[in-house]
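Remarks on the structure that follows.
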């Protein structure tokens, strides 16, 4: 009985997955993993199967490359060094070494350099441009309520003079005589597994499949020029206020004519506010009131971050440091379609006026109160201190 099975997805070289060279240090690996993990983390990409698969692939690559022993075996034998059964599907008949043992990746391990795309098909490899990292500071209100910004980015883009070919206008790039336009060359190599054919990028054309006889005078043959590109960025309400890297795909540099652009990575920080602070989805601010307002209670109008005021009742006998909660006046919940918000917490503090700020009538009132009640105040103070001493003595027994 005949059976059918879906072809296995070809694994990518682990160094290529993390976007690092084979000479990368342990710190380089850790840094690359953290950046990519933030980009594809499921929490930031809900219901995104592609991001979920990327996240798994990144974790698998990091698991191998961050382990010195696994990395050594992988560098020597590729996927077969860490999983001897890699690629074996039990099919009969003829075989392709690249399909069964992943020797395409072993060749990369033996001779250095990652591979992009397949070695089959005779097409030149497409080179990847470098990423751009920038710091972006958001205002406090921008992160809380969201904002649309234009970010000027200095990046290498295709040269308009030669349309990115790198050749002088009126001329054309020529097919590389070394690789015949494939961007790759093959040679036979002896390995522990027998005689294998090694596929490498053509050094004559740098894998492009074409050579340029007369270079463009504007871009010097690179096919790219440096320009300021304004990137539109939409920050949603409730944006996290620390440790966030925003990836913008395809907005990095192009290294040369025909290369794929790298990505733009924005390291986001949020400026502090003179009055408000954030605690997740909640806002916190200090509310300075007079002692009598705490003692006798009061109703006050309090300013919120969105420029409104809200009535707040201070209960009689409230102590300094008490937090009053105002529901629904905090930070919008990030990516919440229902438009929910956190709360605003008011930390009560006592306003102690300076003596020189008091007018004659106010000062006279305070002095009269002091004459009448200072004795009782001293008595209450002394009782509290005596209670503390008793507690300390009890601990010694």
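The values are calculated or read from the model by the stated rules, or taken from the named source; none is laboratory data. Values in this document were obtained by computation on a predicted structure and should not be read as measured data. With ideal geometry, Cβ positions are generated from the backbone for all residues, glycine too; neighbour counts draw on all protein chains shown.
Things worth noting here:
- Yes/no for residue 325 being surrounded by 10 or more Cβ atoms within 10 Å (Cβ to Cβ), at positive phi and not assigned by TED's automatic domain parsing to the domain that holds residue 237: no
- For residue 317, the conditions (1) assigned to a loop (DSSP other than H, G, I, E, B); (2) under 21 Å from residue 280 (Cβ atoms) all hold with the exception of (2).
- Among the residues of region 156-174, the one identified as touching a strand residue (DSSP E or B) at 6+ places or on another chain (Cβ under 7 Å) and over 27 Å from residue 262 (Cβ atoms) is 174.
- Just so you know, in region 336-364 the residues that are within 35 Å of the chain's Cα centre (by Cα) and exposed (fewer than 12 other Cβ atoms within 10 Å of the Cβ) include one that is nearest to residue 145 (Cα to Cα), and it is 339.
- Residues of region 328-360 that are closer than 23 Å to residue 282 by Cβ and either assigned by TED's automatic domain parsing to the domain that holds residue 141 or not in a loop (DSSP other than H, G, I, E, B) (or both): 332, 341, 344, 345, 346, 347, 348, 349.
- For beta carbons closer than 6 Å, sequence separation of 6+ or different chains, a first residue in region 307-320 that is under 14 Å from residue 293 (Cβ atoms) and a second that is in a loop (DSSP other than H, G, I, E, B), the qualifying pairs are 314/297; 315/297; 316/297.
- Selection status of residue 328, in contact with a strand residue (DSSP E or B) (Cβ under 9 Å, 6 or more places away or on another chain) and farther than 26 Å from residue 142 by Cβ: no
- So residue 384, is it within 36 Å of the chain's Cα centre (by Cα) and either modelled with pLDDT under 90 or not in a loop (DSSP other than H, G, I, E, B) (or both): no
- One residue alone among 324, 389 is out of contact with any helix residue (DSSP H, G or I) (no Cβ under 9 Å at 6 or more places or on another chain) and without any contact (Cβ under 8 Å) to a residue 24 or more places away in the chain, and that residue is 389.
- Considered as a group, the residues in region 231-242 that are at pLDDT 90 or above, in contact with a strand residue (DSSP E or B) (Cβ under 6 Å, 6 or more places away or on another chain) and over 30 Å from residue 158 (Cα atoms) include one that is surrounded by the most Cβ atoms within 10 Å (Cβ to Cβ), and that residue is 238.
- Members of region 38-58 that are exposed (fewer than 15 other Cβ atoms within 10 Å of the Cβ) and either farther than 20 Å from residue 249 by Cβ or touching a residue at least 24 places away in the same chain (Cβ under 8 Å) (or both): 46
- Residue 228 buried (at least 20 other Cβ atoms within 10 Å of the Cβ), modelled with pLDDT under 95, part of a strand (DSSP E or B) and in contact with a strand residue (DSSP E or B) (Cβ under 8 Å, 6 or more places away or on another chain): no
- Meets criteria (within 30 Å of residue 305 (Cβ to Cβ) and not assigned by TED's automatic domain parsing to the domain that holds residue 18) for residue 236: yes
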